[in-house]
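Undergrad: Quick one: this structure, given as structure tokens, is what I'll be asking you about.
The values are calculated or read from the model by the stated rules, or taken from the named source; none is laboratory data. Note that this is a predicted model, so its numbers are computed, not measured. Please note: Cβ atoms are built from the backbone with ideal geometry, for glycine as well, and neighbour counts cover all protein chains shown.
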Amino acid sequence: MTEAEAEKETVKAVPDLAALEQEGEIAADYVEGLLDIADIDGDIDMDVEGDRAVVSVVGVKGSDLVGPHGEVLEAIQELTRLAVHRQTGERSRLMLDIGGYRERRRAELRELGTKIAADVKRSGEPKPLQPMTPFERKVVHDAVAAAGLRSESEGEEPRRFVVVLPA
């Protein structure tokens, strides 16, 4: 690899903070509009985590905007990503959280990944898990890797699932 190619790779790897902040602002406006239409009170927080914009709705009461297993949250996130794409022309990896659901779910999934990794280490047998969203699978993959094992995703969306593999 030439020096120029290496420099291009480095530039690609650094997230464009201004673009991510713009995504967050567009998304926040869109979500705020949805909350207004639904007459739901909630505050919007924006942040950038790594290479994605994160928009959180805090102070919202009830779980109607999250739905069973986060299904409504996933749908609102996709609509928000489409709104961002429509304004920027760029594909968005925006993460939306409502009422802290994703953070609670992340903690549950880390615990699950760690527990399943321990079970697989003990038994030496691969262990398939239930179907999960891409967000959920990523959290489990990270927890399994931190426990010293590897995992793979198998199946087709929306029934894609993680299989934890012995060392």
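Undergrad: Given the residues E71, E49, which is the only one that is within 14 Å of the chain's Cα centre (by Cα), assigned by TED's automatic domain parsing to the domain that holds L17 and within 20 Å of S153 (Cβ to Cβ)?
TA: Working: E49 fails: within 20 Å of S153 (Cβ to Cβ).
Sole residue among the options that is within 14 Å of the chain's Cα centre (by Cα), assigned by TED's automatic domain parsing to the domain that holds L17 and within 20 Å of S153 (Cβ to Cβ): E71.
Undergrad: Please go through segment 111-159 and pick out each residue that is small (G, A, S) and either more than 21 Å from E74 (Cα to Cα) or in the same structural domain as P68 (by TED's automatic domain parsing) (or both).
TA: First, the residues of segment 111-159 that are small (G, A, S): 113, 117-118, 123-124, 143, 145-148, 151, 153, 155.
Matches in segment 111-159: G113, A117, A118, S123, G124, A143, A145, A146, A147, G148, S151.
Undergrad: What do you reckon, is T114 surrounded by fewer than 16 Cβ atoms within 10 Å (Cβ to Cβ), of a type in the set (V, I, T) and under 26 Å from P68 (Cα atoms)?
TA: When the stated conditions are applied, T114 passes them.
Undergrad: Which of the residues that make up segment 28-37 are of a type in the set (A, V, I, L, M, F, W, C) and under 13 Å from I76 (Cα atoms)? Please lay out each step first, then the result.
TA: From segment 28-37, those of a type in the set (A, V, I, L, M, F, W, C) are 28, 31, 34-35, 37; that's our starting set.
A28, V31, L34, L35 - these are the residues of segment 28-37 that are of a type in the set (A, V, I, L, M, F, W, C) and under 13 Å from I76 (Cα atoms).
Undergrad: Here's a follow-up. Scan segment 2-21 residue by residue and report those that are modelled with pLDDT of 90 or more and more than 15 Å from S56 (Cα to Cα). Outline the logic, then answer.
TA: Restricting attention to segment 2-21, the residues satisfying the condition of being modelled with pLDDT of 90 or more are 16-21.
Those that are modelled with pLDDT of 90 or more and more than 15 Å from S56 (Cα to Cα): D16, L17, A18, A19.
Undergrad: Looking at this structure, is L94 farther than 23 Å from E154 by Cβ and modelled with pLDDT of 95 or more?
TA: Working: farther than 23 Å from E154 by Cβ: yes; modelled with pLDDT of 95 or more: yes.
The answer is yes for L94.
Undergrad: If you go through segment 121-154, how many residues are over 18 Å from E71 (Cβ atoms) and in a loop (DSSP other than H, G, I, E, B)?
TA: Final tally of qualifying residues: 6.
Undergrad: Can you find even one residue in segment 70-93 that is more than 28 Å from A18 (Cβ to Cβ), buried (at least 20 other Cβ atoms within 10 Å of the Cβ) and aliphatic (A, V, I, L, M)?
TA: No, the conditions are met nowhere in segment 70-93.
Undergrad: To continue, here is another question. Among the residues of segment 138-167, which ones are touching a helix residue (DSSP H, G or I) at 6+ places or on another chain (Cβ under 6 Å) and among the aliphatic types (A, V, I, L, M)? Walk me through it before giving the result.
TA: Residues of segment 138-167 that are touching a helix residue (DSSP H, G or I) at 6+ places or on another chain (Cβ under 6 Å), as a first pass: 139-140, 143-144, 147, 149, 151, 153, 162, 164, 166.
Listed by number, the residues that qualify are V139, V140, A143, V144, A147, L149, V162, V164.
Undergrad: Checking E125 against (1) surrounded by fewer than 20 Cβ atoms within 10 Å (Cβ to Cβ); (2) under 18 Å from the mean Cα position of the chain (by Cα), only one condition comes out false. Which one?
TA: (2)
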